[in-house]
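**Student:** First the structure, then my questions, so here it is.
The values are calculated or read from the model by the stated rules, or taken from the named source; none is laboratory data. The shown structure was predicted, so the numbers you read here are calculated from the model rather than taken from an experiment. Here the Cβ positions follow ideal geometry from the backbone for every residue, glycine too, while neighbour counts run over all protein chains shown.
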Amino acid sequence: MAIITATGRVVAGPGSPAGLARWRILLVTLLAASSAAFVALGSTDARGASTLPSGFRETVVLSGLTNPTAVRFAADGRVFVAEKRGVIKVFDSLTDATPDVFADLNVNVHNFWDRGLLGMALDPSFPAEPYVYVLYTYDHVLGSSAAAPRWGTPGVYSDPCPTPPGATADGCVVSGRLSRLQASGNAMTGPEHVLVEDWCQQYPSHSIGSVEFGRDGALYASGGDGASFNFVDYGQDGSPVNPCGDPPGTVGSALTPPTAEGGALRSQDLRTPSDPVSLDGTVIRVDRATGAGVAGNPLAASADPNARRIISYGLRNPFRITPRPGTDEIWVGDVGWNDWEEINVIPSAGQMQNFGWPCYEGAQRQSGYDSANLTMCENLYASPGAVTAPYHAYHHSNRVVPNETCPTGSSSVAGLQFEFAASQHSYPAEYDDALFFADYSRDCIWVMPKGADGKPAPGLVRTFVSGAANPVNLQVGPGGDLFYVDFDGGTIRRIHYEAGGQAPVAVATATPTSGAAPLTVSFDGTASYDPDPGDVITHAWDLDGDGAFDDSTSAQPTYTYTVSGTFAASLRVTDSDGLTATDTLVISVGNTAPTPTIQTPTSGTAWKVGDVLSFSGSATDAQDGAMPPSALSWELLMQHCPSNCHSHQVQTWPGVASGSFTAPDHEYPSHLELRLTATDSGGMQATRSVRLDPRTVSLTFQTNPGGLSLTVGGSTAKASFTRTVIVGSTNSISAPAPQKKGSKTYQFVSWSDGGAQTHDVVAPATSQTFTARFR
């Protein structure tokens, strides 16, 4: 399948509003790189699918970023942006189009799948206290004497996880690191000051999360469980098995129910004080200068340094945390497994909270871990009140707000932020003290206004932005406006409220957008509009890229470019109230996009887990001819599609014409997408994409006697039932016992495959039935 936009950069299918919106962003990026005189900032995302409440307007303020994960605003006007690959960029202001690189941590950062530099914060007194705090996946094994990187190569920004051990098979074990960097102007000076190094991580998701400051001046950080997202993980896998050395064994010791304490159970490690405490699945509160736990923490007197740091645990993937202004509360967004996304509240640092993962998901028992009869969970179930339920949760199958346009299915809560008092922002008073939260997979942002008690009220949640651009971080910035980080599109976006009349929306198109000189281009601005009834808009064009809107006032002008080059063609529309909006196109004269070709794998190639797939491709360009491998870049994505799809970038390969990868394990329905991008000498890009679907197989589960319950993965159902899975995938199966049917109580006897009551099965190439026998 080939998908090519006018610039050749593909992020969505042909005709998709989201694709057109991102196309516009990339045009801006391309031109900014080609012409130092052009500043493409503050443009309205006219073609975006995003929908906001009346009076609100979304603009792109920074662009050209590579998978940004966090944005922070300094008091002196500078803007710091963290990129997943380990690079931190600093802009002098929101109008700066040429950022400086503040720090490049790629040697230490493991940038693979969901791992990378994910958290960043500025010292509350910055720049007087010139410190930047970072939280990242550390490409290093805890306790190893070998220097980083364990898996990557210095200077290469996309890191591998080779097979063996395999990303989702045995896992490439790494850790997490919280560090302080010192700023001198726009650059880091001196060495990285490591505050905390922990968070054993076996599998490529549920890595570290956010770093924030509380009003008490303490530093807060969050980290995930580092466990598998494919099966019930209690530490039974790895090469060697149990690579994090979880109890009751050591590294290399196989763990089994009911005594296992590894895998996702690391999130409950604080409950087993007989062994060293892990930070996996926790929120910590530490001294900003030393990384030590601080006074007032629940276990400040503990002999274990990690226990002294922890203020909450029992979390799966607390990707984003935020303080609630004017309080000591820390609010936590925890990404769920198959069912629930959670927003949890830590009321104060002195009150330890256990949010229950993996024994609970949402307010319910997690059926996969419950069915495994793990002592860690069974003891928790027998202790009423030991677990703190979510403040708010939404099910993957349900809409957050009834009848909204935001999709269901794929879900990942990915941003939390509070709005301040009315005097500090332009938003209407109804937004005072409200909580905003985002979902990366659903591409939406919601607002939870405060209730009568002054706290955000779950019953008042409403949609704030539908069709948002891949939000992974929310942050209040200049003017008290809400900003968000667009991970896939590489932009920072601002949401501003305009009291009174609303600004118009500028929409410009052009035909053609590239070709040989002289090039006559027909422009069209008739799709522009103003949301206020009765307002009339006027058009003004800057077609020669000199920054002056003096080339035409027609809604449909034509313009002839006589010399080769890259030009910014901009439309500015003005309404009856004098409010304006702009839209910008890139016209490339004397240059056309290259033509990439993927030779292998071909469309229709099917794979199973563990298959080694080779890829090869080439590109030609009308101006450059045959293009060298250095002009090519490959990207492998896992598209997870329980209903709506969301993507995980698995790996990239820049500057090569061929290579190979091992097909990973993942829950079905999902598929791989391989993209080849060619960039010519003039900066124009084109991308081709091939979809690679997995081989699947049907597994049937039944009981003897019939009608009893069985658990597969994270869900339980009454037998018999059938699941479609990827050939070669690892699937956890459990036969919960005892079970009642009618007046009889049944105990587990055996599985037809000879496995233990809870065990993993690797999906065969042909259909198979698994029968659990009870008596």
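**Student:** In the stretch 717-751, which residues are among the hydroxyl-bearing types (S, T, Y) and within 24 Å of H671 (Cβ to Cβ)?
**Tutor:** T722, T724, S729, T730, S732
**Student:** Within the stretch 649-666, is even one residue buried (at least 18 other Cβ atoms within 10 Å of the Cβ), assigned to a loop (DSSP other than H, G, I, E, B) and among the small types (G, A, S)?
**Tutor:** Taking every residue of the stretch 649-666 in turn, at least one turns out to be buried (at least 18 other Cβ atoms within 10 Å of the Cβ), assigned to a loop (DSSP other than H, G, I, E, B) and among the small types (G, A, S).
**Student:** Here is a further query. Is it the case that S698 is surrounded by 14 or more Cβ atoms within 10 Å (Cβ to Cβ), under 27 Å from W607 (Cβ atoms) and in contact (Cβ under 8 Å) with a residue 24 or more places away in the chain?
**Tutor:** Taking the combined requirement at face value, the residue does not satisfy it.
**Student:** Same structure again: Given the condition in contact with a Phe, Trp or Tyr (Cβ under 6 Å, 6 or more places away or on another chain), in contact (Cβ under 8 Å) with a residue 60 or more places away in the chain and either in a strand (DSSP E or B) or within 19 Å of P240 (Cα to Cα) (or both), answer yes or no: does some residue in the stretch 137-148 qualify?
**Tutor:** Checked against the condition, which is being in contact with a Phe, Trp or Tyr (Cβ under 6 Å, 6 or more places away or on another chain), in contact (Cβ under 8 Å) with a residue 60 or more places away in the chain and either in a strand (DSSP E or B) or within 19 Å of P240 (Cα to Cα) (or both), the stretch 137-148 yields no hits at all.
**Student:** Could you please find all residues in the stretch 738-767 being surrounded by 15 or more Cβ atoms within 10 Å (Cβ to Cβ) and either basic (K, R) or part of a strand (DSSP E or B) (or both)?
**Tutor:** Q739, K741, Y746, F748, S750, W751, T758, H759, D760, V761
**Student:** Okay, next question. Looking at S348, S423, S412 in this structure, which one is of a type in the set (S, T, N, Q) and at pLDDT 95 or above?
**Tutor:** Going through S348, S423, S412 in turn, just one is of a type in the set (S, T, N, Q) and at pLDDT 95 or above: S412.
**Student:** Quick check on G625: is it farther than 30 Å from C359 by Cα, without any contact (Cβ under 8 Å) to a residue 40 or more places away in the chain and surrounded by fewer than 19 Cβ atoms within 10 Å (Cβ to Cβ)?
**Tutor:** yes
**Student:** Going through the stretch 608-623 one residue at a time, which ones are over 27 Å from the mean Cα position of the chain (by Cα) and not in a strand (DSSP E or B)?
**Tutor:** Residues satisfying the conditions are A622, Q623.
**Student:** Consider R177 against the criteria (1) in contact (Cβ under 8 Å) with a residue 60 or more places away in the chain; (2) touching an Asp or Glu at 6+ places or on another chain (Cβ under 6 Å); (3) surrounded by fewer than 22 Cβ atoms within 10 Å (Cβ to Cβ); (4) among the basic types (K, R): it satisfies all of them except one. Which criterion is unmet?
**Tutor:** R177 satisfies all of (1) in contact (Cβ under 8 Å) with a residue 60 or more places away in the chain; (2) touching an Asp or Glu at 6+ places or on another chain (Cβ under 6 Å); (3) surrounded by fewer than 22 Cβ atoms within 10 Å (Cβ to Cβ); (4) among the basic types (K, R) except (3).
**Student:** Let me ask you something else. Return the residues of the stretch 190-217 that are surrounded by fewer than 22 Cβ atoms within 10 Å (Cβ to Cβ) and among the hydrophobic types (A, V, I, L, M, F, W, C); say none if nothing qualifies.
**Tutor:** V194, F213
**Student:** In the stretch 266-288, how many are at pLDDT 95 or above and over 29 Å from the mean Cα position of the chain (by Cα)?
**Tutor:** Counting residues in the stretch 266-288 that are at pLDDT 95 or above and over 29 Å from the mean Cα position of the chain (by Cα) gives 1.
**Student:** Specify which of the listed residues (A540, A499, A510) is in a loop (DSSP other than H, G, I, E, B) and surrounded by fewer than 23 Cβ atoms within 10 Å (Cβ to Cβ).
**Tutor:** Exactly one residue qualifies, and that residue is A499.
**Student:** From the list A97, A74, which residue is surrounded by fewer than 23 Cβ atoms within 10 Å (Cβ to Cβ), farther than 16 Å from V485 by Cα and at pLDDT below 95?
**Tutor:** The match here is A97.
**Student:** Could you check A146 against (1) under 30 Å from S125 (Cβ atoms); (2) of a type in the set (A, V, I, L, M); (3) surrounded by fewer than 18 Cβ atoms within 10 Å (Cβ to Cβ) and say which number it fails?
**Tutor:** All conditions pass for A146, except number (1).
**Student:** Hey, among T716, T722, T711, which residue is assigned to a strand (DSSP E or B) and out of contact with any helix residue (DSSP H, G or I) (no Cβ under 9 Å at 6 or more places or on another chain)?
**Tutor:** None of the others qualify; the one that does is T722.
**Student:** Something else about it: If the Cβ limit is 8 Å and pairs must be 6+ apart or interchain, which residue in the stretch 724-735 that is among the basic types (K, R) pairs with which residue that is at pLDDT 95 or above and buried (at least 21 other Cβ atoms within 10 Å of the Cβ)?
**Tutor:** So the pair list comes out empty.
**Student:** Continuing with the same structure: Among the residues that make up the stretch 687-696, is at least one of them outside any loop (DSSP other than H, G, I, E, B) and farther than 21 Å from W634 by Cβ?
**Tutor:** Within the stretch 687-696, one or more residues are outside any loop (DSSP other than H, G, I, E, B) and farther than 21 Å from W634 by Cβ.
**Student:** Going by the conditions given, is S630 surrounded by fewer than 17 Cβ atoms within 10 Å (Cβ to Cβ), at pLDDT 95 or above, part of a strand (DSSP E or B) and out of contact with any helix residue (DSSP H, G or I) (no Cβ under 9 Å at 6 or more places or on another chain)?
**Tutor:** no
**Student:** Continuing with the same structure: Please specify each residue of the stretch 285-323 satisfying the condition of being surrounded by fewer than 22 Cβ atoms within 10 Å (Cβ to Cβ) and of a type in the set (D, E, K, R).
**Tutor:** Those that are surrounded by fewer than 22 Cβ atoms within 10 Å (Cβ to Cβ) and of a type in the set (D, E, K, R): D287, R288, D304, R308.
**Student:** Residues in the stretch 477-494: is at least one in contact with an Asp or Glu (Cβ under 6 Å, 6 or more places away or on another chain) and at pLDDT 95 or above?
**Tutor:** yes
**Student:** If you don't mind, another one. Restricting attention to the stretch 399-407, does a residue exist that is closer than 23 Å to Y497 by Cβ and assigned to a strand (DSSP E or B)?
**Tutor:** Looking through the stretch 399-407, none of the residues is closer than 23 Å to Y497 by Cβ and assigned to a strand (DSSP E or B).
**Student:** Return the only residue of E342, E361, E430, E378 being touching a residue at least 60 places away in the same chain (Cβ under 8 Å) and surrounded by fewer than 24 Cβ atoms within 10 Å (Cβ to Cβ).
**Tutor:** Every option except E378 fails the conditions.
**Student:** Next question. Would you pick out the residues in the stretch 152-209 that are of a type in the set (F, W, Y) and either part of a loop (DSSP other than H, G, I, E, B) or closer than 19 Å to M638 by Cβ (or both)?
**Tutor:** Correct list: Y157, Y203.
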